[in-house]
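Colleague: Below are the structure tokens for one structure; questions will follow.
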Amino acid sequence: MKPCPEIQLRLNDLLDAGESKLPVAVRAHLDACPECRAWWEQTRETENVLRESTSADAERKAPASLEGRIRAALEREAVVASERNSKTGSRRRWLAAVAATLVVAAGIATAVFLSRSGSPGRDSTPLRAPIVDEYPETVHPGGGKTTDVAQGTDAFPAVAAPPSLAALPSWGDLILAAAPVEDARQDLRWLTRAVVSNAESAARAFAPADAPPSRTN
Amino acid sequence: MVESVNTLGRVDTAVVPAGDSPEARAVSGEIGVSDIELLRRARGGDRDAFGVLVLRYQDAVYAAAWAILKSREDAEDAAQESFLRAWRGLDRFDPTRPFRPWILRIVANVALTVRSRRRIHVELDETLDVSDDRAGGDLPAAAAAANRRELLDAVGRMTAELSPENAALFHLRYGEDLSIDEISRILDRRPGALAVALHRIRERFRRALFGPGNGVEP
């Protein structure tokens, strides 16, 4: 059997349609061409057999145990997800504590650096400026004047000493504070207080001393 | 047996668990609830709502897996894995879209992956070459088919010889009664290529059924 190729192509697209819904030209051809008619009827019957074979196949029915298996797997999935979330939460708390520690450490390192090298950019006035006109001067009748340095008063104004660095938390304290403990939130509160305290101490240490008023001759 | 109309307008049937088990009570309270509502609840973490969807679609999912894998044990594993993937992917699924094509797409992917692994394994073992699609070469049983039942059994044995991809296409077309466009979306293949593949499959079966010596009358 060799159906006409063009009709075969069109009929393939029309398999889902009933005989009555075929285009008039196609129906006319089927009436006139026995080979195409035979092919068309065999193909439609093949479709019926194939559909029937799948619906009649008892092996395609899900076994009764399948639904229970899937429910049990969903339960396990929920337990695993819960455990995973719990682990992720504690890991996040631990990371938060480490991050807070690093911030504190960076702040302290900056404070130490600034305390030893001055505070560039803030105020160029030296902390200890000699005030020359505090020294006694003698004006001679013949002209000229001398300055008695030996009898001069201490021209260097007193500058308050910076607070001792020993007051700040040690590295050991910070590392201990960052270690995962039962309630990381307590650590975070403690670390926050430490940051604020350090910042205040640093601000006091770096405040420039008041320069004495300058006098001119 | 429970019947419900899904979002495609198709009537789904599900076996209700017997007795007074929690599952039975959960399902009996969900008869008539739409897939959309069940999907919304399942997205909120309601496992019972998802369990009702499992009951509604387990036959379709298992049948698709079995059509491709031809093994009861593998088909059960694939069906279970498919529902688990659907459960995990609910956040990404739009509940207003039909569930059936989505779960069929998942199970087709799962089963074809399992089958391709199995094929690699077999080829490595060099014990059996199942890569050739030998279906449709002959249907000797058809000629001697004393009744329709025998004929259908013979067709069933022939479909077992289809390649995994053709088995998926065959099942979606004749088992699920889907159009080429719907199958194209599920298998992610061009409609034209699928139409050609389906024509070849059908011709093999037609020749086997009606070829010389096979006297099946339409």
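Any read-out appearing in this document is the output of simple, stated calculations on the displayed coordinates, not a laboratory observation. Note that the structure is a prediction, hence the values are computed from the model and not measured. Please note: Cβ atoms are built from the backbone with ideal geometry, for glycine as well, and neighbour counts cover all protein chains shown.
Colleague: With θ taken as phi - 60° and the coefficients 6.51, -1.76 and 1.60, list the Karplus ³J(HN,Hα) couplings across the stretch A:53-67 in order, rounded to whole Hz; mark glycine and proline as x.
Modeller: 5, 6, 6, 7, 7, 5, 5, 7, 6, 5, x, 4, 6, 5, 4
Colleague: Only sites in a loop by DSSP and with at most 16 other Cβ atoms within 10 Å count here; which trypsin sites (Lys or Arg not before Pro) in the stretch B:149-197 make the cut? Could you put the intermediate results ahead of the total?
Modeller: Working: sites: B:149, B:157, B:173, B:185, B:189; in loops: B:189.
Taking the stretch B:149-197 and a limit of 16 other Cβ atoms within 10 Å, the loop trypsin sites (Lys or Arg not before Pro) found are B:189.
Colleague: Let me ask something else about it. May I ask for the net charge around residue A:7, where only other residues with Cβ less than 13 Å from the Cβ of residue A:7 are counted and Lys, Arg are +1 while Asp, Glu are -1?
Modeller: Numbers: positive: A:2, A:10, A:27, A:37; negative: A:6, A:13, A:31, A:35.
Result for the neighbourhood of residue A:7: 0.
Colleague: Tally Lys and Arg at +1 and Asp and Glu at -1 over the other residues with C-beta under 15 Å from the C-beta of residue A:19: what net charge comes out? Mind dumping the intermediate values first?
Modeller: Values: positive: A:10, A:21, A:27, A:37, A:44; negative: A:13, A:16, A:31, A:41, A:45, A:47.
Local net charge: -1.
Colleague: From the phi angles alone, apply the Karplus equation (6.51, -1.76, 1.60; θ = phi - 60°) to the stretch A:87-92 and give each ³J(HN,Hα) in whole Hz, x where the residue is Gly or Pro.
Modeller: 5, 5, x, 5, 5, 5
Colleague: Please compute, for peptide B:52-60, the average count of beta-carbon atoms on other protein chains lying within 10 Å of each residue's beta-carbon.
Modeller: Per residue, the average neighbour count from other chains is 3.
Colleague: Work out how much length residue A:102 to residue A:75 would gain on full extension: take 0.36 nm times their residue separation and subtract the Cα-Cα distance, in nm to one decimal.
Modeller: Here the answer is 5.6 nm.
Colleague: For residue A:15, list long-range residues whose amide hydrogen, built 1.01 Å from N in the peptide plane, is under 5 Å from its own amide hydrogen.
Modeller: none
Colleague: Within 10 Å of each Cβ of B:66-77, how many other protein chain Cβ atoms are there on average?
Modeller: What the average comes to for B:66-77 is 2.
Colleague: Please identify the trypsin sites (Lys or Arg not before Pro) of the stretch A:34-114 that satisfy two criteria: DSSP loop assignment and at most 14 other Cβ atoms within 10 Å. Which are they?
Modeller: Hits after loop and neighbour filter: A:61.
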